[in-house]
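Chemist: The structure is given below, and queries will be raised subsequently.
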Amino acid sequence: MPFDYAPAPESRSIVDIESNYGLFIGGSFSEPTSGGFFKTINPATEEVLSEVAEAGQADVDAAVAAARRAYDKTWSKMSGKDRAKYIFRIARLIQERSRELAVLETLDNGKPIRESRDVDLPLVAAHFFYHAGWADKLEFAGYGPDPKSLGVAAQVIPWNFPLLMLAWKVAPALACGNTVVLKPAETTPLTALAFADICKQAGLPPGVVNIITGAGETGRMLVEHPDVDKVAFTGSTEVGKAIQRAVAGTKKKLTLELGGKAANIVFDDAPIDQAIEGIVNGIYFNQGHVCCAGSRLLLQESVADEALASLKRRLTTLRLGDPLDKNTDIGAINSSMQLSKIEELTASGEAEGAERWSPTCPIPDKGFWFPPTVFTNVTQAHRIAREEIFGPVLSVLTFRTPEEAVAKANNTPFGLSAGIWTEKGSRILWMANQMRAGIVWANTFNRFDPTSPFGGFKESGFGREGGVQGLGAYLNVEDPS
Ligand code: NDP
């Protein structure tokens, strides 16, 4: 008998969203000089949440100047021990305000509260704690006896993990002694603005962190600013390539974390029930808006039918709907633009001969939604097997031998992550060695930890974030990756 779930909505009364937000420059909020504002909406309801400033060239200049002043006068002169105190304070404030931040993230992004509360926010705090610990120990990180900071870091982040991507960027930058100008994505600025408030609450010296909101054009002005020493970008491969071209020939140090088309490879000796959970987590977590998502499932032919039947059974139990409901598994697609992209690519899947399947699930009338979807009869030439869909869409292929699995897994311009499911340790090690991917998970998927470096090969970008390796991206040393 199927269970009926009673609604279990998380209250949104804990968040206090202002009707409009200025730019956080030099330690306080100010109106944009361009005078422009844009709306940010809740993608689950299309309700306008707030109006947010759009930074123009003069605002970008002011933010970079504030970061430069703070770098020259305060932050670069402060001891690592003192920097650590501020970063620890930020980490503790994030923990104290984590319920508020989780609700705000869910409202602005559309991800289920279960994920923002249990995955995003604990990881955000963990990244600040981890990097606070490094601030006074940089001489032991393997970069020489006295590694130096770079200066002003320009950071541009996407909308899929707004506060977590901020943490991945801001925490190591501050720990290594740099100051920051960060631009959140246009559709998800609210948690970055709440973070600005946390910086004030922590008494962080003015200008060490500056948050400027805006669209792609603001991001372009920021990364192209001549007084920036470091550019860190996470987002699409296309914009990443444009940024790489823009910083070529300058002194700017660059890290790019771009798209992916990861293979999640299941061998016939894998614990199938466990693998099914890993497949679901691999592609339906965060509506598939995950750069390292396991979007290509490679099933060994002898277990393909059994695994597919189990997967489909499991997908019928997923609950799509109100992201603030604690029972919800699949939330809203972040924007109408992203929804159109998913619709276009899935239509191409059918047009090219793949077979589409989704469980029957009610789709809310308002907002942007896409049901969990599985494509079978997929060939390597299909667009749905080659392009990043960035939605809850799985493309299933099969293989017979480990060599064939390796060839298919690596047959992509991307190289961010891979998953291997088998009970044989020797096969895990052999496969992991063959994978052209920055992260390889064995008998699990989508596990993150601040101590572990994250980054890609090929068109997935370069440079590492997290771990000792990630520190090198914010120090005046050779990049280790
Ligand atoms: P983008 O790469 O356009 O956006 C990422 C960030 O870069 C945003 O803050 C964006 O601002 C900013 N930006 C856009 N253009 C420029 C520019 N010329 N110079 C500097 N910064 C810029 O990704 P989209 O949001 O458009 O998503 C498109 C596709 O990218 C997705 O469908 C998905 O396939 C992929 N993607 C991959 C991600 C990953 O983690 N690897 C994350 C997000 C998307 P703004 O939001 O205002 O446009």
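Chemist: Against the conditions (1) in contact (Cβ under 8 Å) with a residue 60 or more places away in the chain; (2) in a loop (DSSP other than H, G, I, E, B), where does residue 52 fall short? Just the number, please.
Modeler: Evaluating residue 52 over (1) in contact (Cβ under 8 Å) with a residue 60 or more places away in the chain; (2) in a loop (DSSP other than H, G, I, E, B) leaves (2) as the failure.
Chemist: Is it true that some residue in the range 262-278 is within 16 Å of the ligand (Cβ to nearest atom), closer than 21 Å to residue 385 by Cβ and outside any helix (DSSP H, G or I)?
Modeler: Yes; the residues of the range 262-278 include at least one that is within 16 Å of the ligand (Cβ to nearest atom), closer than 21 Å to residue 385 by Cβ and outside any helix (DSSP H, G or I).
Chemist: Just to be sure I understand, how many residues within the range 452-472 are more than 14 Å from the ligand (Cβ to nearest atom), of a type outside the set (A, V, I, L, M), in a helix (DSSP H, G or I) and surrounded by fewer than 22 Cβ atoms within 10 Å (Cβ to Cβ)?
Modeler: Our first condition is that a residue be more than 14 Å from the ligand (Cβ to nearest atom); within the range 452-472, this holds for 452-453, 464, 466-472.
Keeping just the survivors that are of a type outside the set (A, V, I, L, M) gives 452-453, 464, 466-467, 469-470, 472.
Those still in the list that are in a helix (DSSP H, G or I) too: 467, 469-470, 472.
Adding the requirement that they be surrounded by fewer than 22 Cβ atoms within 10 Å (Cβ to Cβ) leaves 467, 469.
Qualifying residue count for the region: 2.
Chemist: So if I check each of 143, 130, 86, which one is in contact with a strand residue (DSSP E or B) (Cβ under 6 Å, 6 or more places away or on another chain) and buried (at least 18 other Cβ atoms within 10 Å of the Cβ)? Steps first, please.
Modeler: Working: 130 fails: in contact with a strand residue (DSSP E or B) (Cβ under 6 Å, 6 or more places away or on another chain); 86 fails: in contact with a strand residue (DSSP E or B) (Cβ under 6 Å, 6 or more places away or on another chain).
The match here is 143.
Chemist: Working carefully through the options 323, 364, find the one that is out of contact with any helix residue (DSSP H, G or I) (no Cβ under 7 Å at 6 or more places or on another chain), under 26 Å from residue 119 (Cα atoms) and not in a helix (DSSP H, G or I).
Modeler: Numbers: 323 fails: out of contact with any helix residue (DSSP H, G or I) (no Cβ under 7 Å at 6 or more places or on another chain).
On inspection, the qualifying residue turns out to be 364.
Chemist: Please work out which residue is farthest from residue 183 (Cα to Cα), limiting yourself to the range 219-239 and to residues that are near the ligand (Cβ under 7 Å from one of its atoms) and among the β-branched types (Val, Ile, Thr).
Modeler: Result: 239.
Chemist: Can you give me the number of residues within the range 179-221 that are in a strand (DSSP E or B) and basic (Lys, Arg)?
Modeler: Looking only at the range 179-221, we keep the residues that are in a strand (DSSP E or B), and these are 179-183, 209-211.
Filter again for basic (Lys, Arg), leaving 183.
So the count comes out to 1.
Chemist: Continuing with this model, one more query. Note down all Cβ pairs under 6 Å where the first residue falls in the range 141-166 and is over 25 Å from residue 102 (Cα atoms), the second is β-branched (Val, Ile, Thr) and more than 16 Å from the ligand (Cβ to nearest atom), and they're at least six residues apart or on different chains.
Modeler: Hits for this filter: 141/468; 143/477; 147/477; 152/179.
Chemist: Give me a count of the residues in the range 379-409 that are within 28 Å of residue 111 (Cα to Cα), assigned to a loop (DSSP other than H, G, I, E, B) and among the β-branched types (Val, Ile, Thr).
Modeler: Selection size over the range 379-409: 1.
Chemist: Checking the conditions here, which among 295, 302 is away from the ligand (no atom under 15 Å from the Cβ) and polar (S, T, N, Q)? Please lay out each step first, then the result.
Modeler: On the way: 295 fails: away from the ligand (no atom under 15 Å from the Cβ).
Matching residue, one of 295, 302: 302.
Bear in mind that the values in this text are calculations on the coordinates, not laboratory data. Just so we're clear, the structure is a prediction, and the values are computed from it rather than from any experiment. Reconstructed Cβ throughout: ideal geometry from the backbone, glycine too, with neighbour counts over all protein chains shown.
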